[in-house]
Amino acid sequence: MKTRRPIVAGNWKMNKTLAEAGELLEGLVPELKDVDSVGIIVCTPYTNLAVAKEKLAGTNIKVGAQNLHWEKSGAFTGEVSADMLKDFCEYVIIGHSERRAMFGETDETVNKKVFASLEVGLMPIVCVGETLEENEAGQTAEVVGRMVREGLKGLDQEKAARVVVAYEPVWAIGTGKTATPEQANDVHKNVIRPILREMFGEAVGDGMRILYGGSVKPGNAKELFGMSDIDGGLIGGASLKVADFVGIVEGAF
Ligand code: 13P
């Protein structure tokens with residue numbers, strides 16, 4: 001029996017116009033309204049945060065963003081700060097592999113963003129994961145371990161307790177290739193969890209949620225989420241369809 005309350009978070013990535021977002025949110029609310037055993041989050045593009053806040057007000061679905069800048073304000077064209085985000089949402093994804101691969105995100109920027117988000121009360125969902133090349137070279141533990149240590153460096157226990165970690169092997173994202181439940185759980189249980197315990201103490205480390213992400217579908221969610229150290233999922237493609245996302249949430253019951 002797991003004591004950590006599972007979380008299922010949708011990462012919409014760069015999808016959904018305002019009208020499409022409204023439609024998806026309106027579809028999710030009635031389907032998920034009776035769920036209380038799972039924390040549900042939708043992480044929308046910045047342009048949909050206002051409609052998400054409006055349509056999800058008073059529901060059991062929380063809103064998240066997909067990135068932020070670590071500075072409070074200033075001459076950073078195109079960027080959004082934690083203070084700005086907290087008017088709209090409670091969570092923010094940090095260090096997604098797409099941002100690391102395409103937008104220059106590093107362990108250092110991840111760490112700055114983690115601090116910036118926690119400082120204003122936003123809960124970060126910190127993504128870590130190895131590429132196919134690293135996986136095949138047997139470097140998974142080293143790469144994922146480094147991302148966890150560097151990304152969460154310097155946090156005290158109180159701050160760490162508010163962090164959610166998401167293990168997303170790059171080779172499983174959007175590829176239809178899911179890590180097997182055993183493969184994913186091995187990284188959660190034997191790589192990430194021991195580092196969290198070492199960094200933040202046993203009680204805090206054991207309490208932190210570690211989500212799995214990468215081609216999660218209604219058909220494989222239950223098996224994945226049933227593993228000892230998989231505390232829910234971060235869902236890409238399947239979070240864009242009501243039936244699929246609902247099916248995945250149900251896999252976390
Ligand atoms: P997919 O579920 O589309 O593989 O994406 C996973 C992901 O990157 C979630 O952040």
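The values are calculated or read from the model by the stated rules, or taken from the named source; none is laboratory data. These numbers come from a predicted model, not from an experiment. Reconstructed Cβ throughout: ideal geometry from the backbone, glycine too, with neighbour counts over all protein chains shown. These area figures cover heavy atoms from the full protein model, side chains too; ligands, DNA and RNA do not enter into them. Shrake-Rupley method; radii C 1.70, N 1.55, O 1.52, S 1.80 Å.
Which pairs do you get when a residue that is among the small types (Gly, Ala, Ser), found in the range 1-27, comes within reach of a residue that is part of a loop (DSSP other than H, G, I, E, B), reach meaning Cβ atoms under 7 angstrom, with the pair 6+ apart or on two chains?
As it stands, the answer is ALA21/THR44, since those pairs meet every condition given.
Can you confirm whether the range 73-86 contains a residue that is within 16 Å of the ligand (Cβ to nearest atom) and exposed (fewer than 15 other Cβ atoms within 10 Å of the Cβ)?
Scanning the range 73-86 turns up no residue that is within 16 Å of the ligand (Cβ to nearest atom) and exposed (fewer than 15 other Cβ atoms within 10 Å of the Cβ).
Given the criterion over 23 Å from GLN66 (Cβ atoms) and more than 16 Å from the ligand (Cβ to nearest atom), identify the matching residue among VAL204, VAL143. Even if it seems obvious, please write down each step before you answer.
Details: VAL143 fails: over 23 Å from GLN66 (Cβ atoms).
When all the criteria are applied, what remains is VAL204.
What is the residue count in the range 155-177 for residues that are farther than 19 Å from ASN111 by Cα, open to solvent by 40 Å² or more (accessible area, probe 1.4 Å) and in contact with a Gly (Cβ under 7 Å, 6 or more places away or on another chain)?
Residues of the range 155-177 that are farther than 19 Å from ASN111 by Cα, as a first pass: 169-177.
Next cut, open to solvent by 40 Å² or more (accessible area, probe 1.4 Å) only: 170, 174-177.
Within this subset, residues satisfying the condition of being in contact with a Gly (Cβ under 7 Å, 6 or more places away or on another chain) are 170, 174.
Here the count works out to 2.
With respect to THR180, determine if the residue is among the polar types (S, T, N, Q), surrounded by fewer than 21 Cβ atoms within 10 Å (Cβ to Cβ), touching a residue at least 12 places away in the same chain (Cβ under 8 Å) and within 16 Å of the ligand (Cβ to nearest atom).
Numbers: among the polar types (S, T, N, Q): yes; surrounded by fewer than 21 Cβ atoms within 10 Å (Cβ to Cβ): yes; touching a residue at least 12 places away in the same chain (Cβ under 8 Å): no; within 16 Å of the ligand (Cβ to nearest atom): yes.
Answer is no for this residue.
Only one residue in ALA116, ALA166 is among the small types (Gly, Ala, Ser) and within 28 Å of ALA238 (Cα to Cα), so which one is that? Write out each step before concluding.
On the way: ALA116 fails: within 28 Å of ALA238 (Cα to Cα).
The conditions single out ALA166.
Need pairs with beta-carbon distance below 6 Å; first residue modelled with pLDDT of 95 or more and within the range 193-213, second of a type in the set (A, V, I, L, M, F, W, C) and part of a loop (DSSP other than H, G, I, E, B); sequence gap 6+ or separate chains.
Correct list of pairs: LEU196/MET208; VAL204/ALA161; TYR212/ILE230.
Output the number of residues of the range 118-129 satisfying the condition of being assigned to a strand (DSSP E or B) and either open to solvent by 30 Å² or more (accessible area, probe 1.4 Å) or more than 16 Å from the ligand (Cβ to nearest atom) (or both). It would help to see each step written out before you state the result.
The initial filter retains those residues of the range 118-129 that are assigned to a strand (DSSP E or B), namely 123-128.
Filter once more, keeping what is either open to solvent by 30 Å² or more (accessible area, probe 1.4 Å) or more than 16 Å from the ligand (Cβ to nearest atom) (or both): 123.
Within the range 118-129, residues that are assigned to a strand (DSSP E or B) and either open to solvent by 30 Å² or more (accessible area, probe 1.4 Å) or more than 16 Å from the ligand (Cβ to nearest atom) (or both) number 1.
What tally of residues in the range 181-202 results from selecting those that are of a type in the set (D, E, K, R) and under 19 Å from the mean Cα position of the chain (by Cα)?
To start, the set of residues in the range 181-202 that are of a type in the set (D, E, K, R) comprises 182, 186, 189, 193, 197-198, 202.
Pick out the ones that are also under 19 Å from the mean Cα position of the chain (by Cα) and you get 186, 189, 193.
Qualifying residue count for the region: 3.
Can you pull out every residue in the range 1-37 that is within 16 Å of the ligand (Cβ to nearest atom), open to solvent by less than 20 Å² (accessible area, probe 1.4 Å) and either of a type in the set (Phe, Trp, Tyr) or more than 22 Å from ALA252 (Cα to Cα) (or both)?
Scanning the range 1-37 gives a single hit, TRP12.
Which ones in the range 207-218 are touching a strand residue (DSSP E or B) at 6+ places or on another chain (Cβ under 9 Å) and away from the ligand (no atom under 16 Å from the Cβ)?
Answer for the range 207-218, where residues must be touching a strand residue (DSSP E or B) at 6+ places or on another chain (Cβ under 9 Å) and away from the ligand (no atom under 16 Å from the Cβ): just MET208.
Could you check the range 110-165 and list, in sequence order, the residues that are touching a Ser or Thr at 6+ places or on another chain (Cβ under 6 Å) and charged (D, E, K, R)?
Once the filter is applied, which keeps residues that are touching a Ser or Thr at 6+ places or on another chain (Cβ under 6 Å) and charged (D, E, K, R), the range 110-165 yields only GLU130.
Look at the range 219-253 and say how many of its residues are within 14 Å of the ligand (Cβ to nearest atom) and touching an Asp or Glu at 6+ places or on another chain (Cβ under 6 Å).
Residues meeting the conditions: 1.
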